[in-house]
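Engineer: Just dropping this structure here.
The values are calculated or read from the model by the stated rules, or taken from the named source; none is laboratory data. Everything numeric here is computed off the predicted structure, so don't read it as measured data. Please note: Cβ atoms are built from the backbone with ideal geometry, for glycine as well, and neighbour counts cover all protein chains shown. Heads up: the accessible areas ignore ligands, DNA and RNA and are worked out on the full protein's heavy atoms, side chains in. Shrake-Rupley method; radii C 1.70, N 1.55, O 1.52, S 1.80 Å.
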Amino acid sequence: MNIWIKNGHLLDPANHRDEICDLYIEDGKVACVGSLSSDKPERERAEKATIIDAEGKYVMPGFLDLHVHLREPGFEYKETIRTGTSAAAKGGFTAVCPMPNTKPATDSPEMVKKILEIAERDSEIHVYPVGAVTKGQSGEEMTDIAGMAAAGAKAISEDGKSVMNAELYRKAMREAANAGIPVLAHCEDKNMVGSGAMNAGKKAEELGITGITNAVEDVIVARDILLAKETGARLHLCHCSTKDSVKMIKAAREDGVKVSGEVCPHHFAMTEDEIPRDDANYKMNPPLRSREDVEALCQGLSDGIMEAISTDHAPHSEEEKKKSIADAPFGIVGSETAYALAVTYLVKKGFLTPMQLVERMSMRPCEILGVPGGNLAVGMPADITIADMDSEYKIDKNTFVSKGKNTPFHDVPVNGRVYYTIVGGKIVYQYEE
Ligand code: DOR
Ligand code: ZN
Ligand code: ZN
């Protein structure tokens, strides 16, 4: 299918393009950017193409979500690769990185291949599997990292927890560096967190729930940065939630350490003060933090210290999330709300320009993972997101295509809607009123 995207506002940070123009897709690739002149043979070809009128909308390289939970295999009642990638496509994502905490875990070359096989069959967007650091994510025995990378794993992570054995983690970082893939780190000291279920503070006291202090995250951020410095590993810190994480990333980068950080929409859009009652739709790990932390994260995104926006899309069943904050599982869905939350809480509030939003959701995530994308130069794969930043509506969890409806953003007014998601020149999502 050839597509002629007309009159859109192209935002392509990799090529410094910020202008109203046409973009023509042929054979799955970007074939022409600019205006198609009437006397060129290009124009004749384009006239036979599917036309998308993108007037008033942004045309951006497709978003890459560095952090999702697709739950397959093992927890298909929460989500499957099919439903999770459909939700991502609806959110404007042309690629996702599923974390390995499935059952069984993605902890071997065979399991990586299995995820890729299911994705090949069930997903219309790119799926870049993340392999576990230890077998069964039990923290004891290192996985075959080189083998998983050869099988197609694009990163390793123990997401859901930290590898508490620093020596084992140091070895894994060396392996990842040798295999040329990054380490995506969930930073949480297992001994310090105990039975904590929300941010340690006034809100937790009010609700009588055990708190999680900032240091639970910060001590592992510090450790992992030191290990990356020693091993030369490419370290990417998942779902940063504290002001000191931002400070430490800045200092480490100034020190030459290869470290990057991501922020999830819930951590930049919501503080613990907004938790209205004991409702597990506000429970995720790390938890919603204080106003001071949220301000530091927004500023970090603005300054470019925090380079990526990812969702930590973590679907759970309604049954599971009906429980109290103390007992329910951690996690909220994010694929279908991330773009609008980023527009509303970062662009509209002046923390990011539209161009910077594309950097944080597309260009830098692709660079961090070392995969194609995030670039709409001629000849590049036509992975494209078309969206506006002005539509006004309220988030409605009943419209989610994800199996998970667990969000604290139901009924929240937002700006910004995704109209088309295109992968390899194929329209994989189109908004219908
Ligand atoms: O909130 C979270 N949910 N944080 C994690 O680290 C894991 C995730 C999940 O798998 O549900
Ligand atoms: Zn995590
Ligand atoms: Zn996660």
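Engineer: Check each of the trypsin sites (Lys or Arg not before Pro) in region 330-392 and keep only those in coil by DSSP with at most 14 other C-beta atoms within 10 angstrom; list them in order.
Structural biologist: Those satisfying the criteria are Lys349.
Engineer: Using the heavy atoms of the protein chains and a 1.4 angstrom probe, tell me the accessible area per residue for the chain in square angstrom.
Structural biologist: Values: 16570 Å² over 433 residues.
Heavy-atom accessible area per residue stands at 38 Å².
Engineer: Still on this structure: State the dimensionless ratio Rg/Rh of the chain (Rg: radius of gyration of Cα atoms; Rh: Kirkwood radius).
Structural biologist: On the way: Rg = 20.9 Å, Rh = 21.7 Å.
Rg/Rh: 0.96.
Engineer: Which order do you get for Phe330, Phe63 if you rank them by accessible area with a 1.4 Å probe, largest at the top?
Structural biologist: Putting Phe330, Phe63 in descending order of accessible area: Phe330, Phe63.
Engineer: Taking Rh as the Kirkwood radius, which is the inverse of the mean 1/r over Cα pairs, what is the Rg/Rh value for region 232-379?
Structural biologist: That ratio equals 0.99.
Engineer: What ranking of Asp396, Asp273 comes out by heavy-atom accessible area, probe 1.4 Å, highest first?
Structural biologist: Asp273, Asp396
Engineer: For region 1-67, how big is Rg over Rh, using alpha carbon atoms and the Kirkwood form of Rh?
Structural biologist: Radius of gyration relative to Kirkwood radius: 0.99.
Engineer: Something else: Mind grabbing the accessible area of Ser391 for me, 1.4 Å probe, Å², rounded to tens?
Structural biologist: 20 Å²
Engineer: Quick one: Kirkwood hydrodynamic radius for region 248-319, alpha-carbon pairs, angstrom, one decimal? Provide the component values of the computation, followed by the final result.
Structural biologist: Values: mean 1/r = 0.0736 Å⁻¹.
With all distinct Cα pairs of region 248-319 included, I get 13.6 Å.
Engineer: Which values, in whole Å and largest first, are the semi-axes of the equivalent ellipsoid of region 66-115 obtained as the square root of 5 times each eigenvalue of the Cα gyration tensor? Can you show the working numbers first?
Structural biologist: Details: eigenvalues 71, 30, 13 Å².
Sorted largest first and rounded, they come to 19, 12, 8 Å.
Engineer: How much accessible surface does Arg234 have with a 1.4 Å probe, in Å² rounded to 10?
Structural biologist: 60 Å²
Engineer: Ok, one more. Please give the length that would be gained between Glu433 and Thr50 if that part of the chain were fully extended, namely 0.36 nm times their separation in residues minus their C-alpha to C-alpha distance (nm, one decimal). Mind dumping the intermediate values first?
Structural biologist: Working: separation 383, 0.36 × 383 = 137.88 nm, distance 2.00 nm.
Value of the extension gain: 135.9 nm.
Engineer: Can I ask one more? How many angstrom lie between the C-alpha centres of region 401-433 and region 108-173?
Structural biologist: 28 Å
Engineer: Can you tell me the Rg and Dmax of region 29-144, counting just the alpha carbons, in angstroms?
Structural biologist: Expressed in Å, the Cα Rg and Dmax of region 29-144 come to 19.5, 66.
Engineer: So, with a 1.4 angstrom probe, what is the percent of accessible area on the chain that is carbon and sulfur? Let's see the in-between values first.
Structural biologist: On the way: 7700 of 16570 Å².
In the chain, the share of accessible area belonging to carbon and sulfur is 46 percent.
Engineer: Also, I was wondering about something else. Assuming R0 = 41 Å, what is the FRET efficiency of His410 and Met192, from their Cβ-Cβ distance, to the nearest 0.05?
Structural biologist: Calculated value: 0.80.
Engineer: While we're here: Using only DSSP helix segments of four residues or longer, with each worth -39500 (n - 2.57), what per-residue ellipticity at 222 nm results for the chain after dividing by its residue count and rounding to 500?
Structural biologist: Estimated from H runs of four or more residues: -8500 deg cm²/dmol.
Engineer: Could you order Ile51, Ile118 by accessible surface area, starting with the largest, using a probe radius of 1.4 Å? All intermediate terms of the calculation are to be shown ahead of the outcome.
Structural biologist: Details: Ile51 85, Ile118 15 Å².
I get Ile51, Ile118, largest accessible area first.
Engineer: Nothing charged except the Cβ atoms of Lys and Arg (+1) and of Asp and Glu (-1): what's the magnitude of the dipole of the chain about its Cα centre? Round to the nearest 20 debye.
Structural biologist: Dipole of the chain, to the nearest 20 debye: 380 debye.
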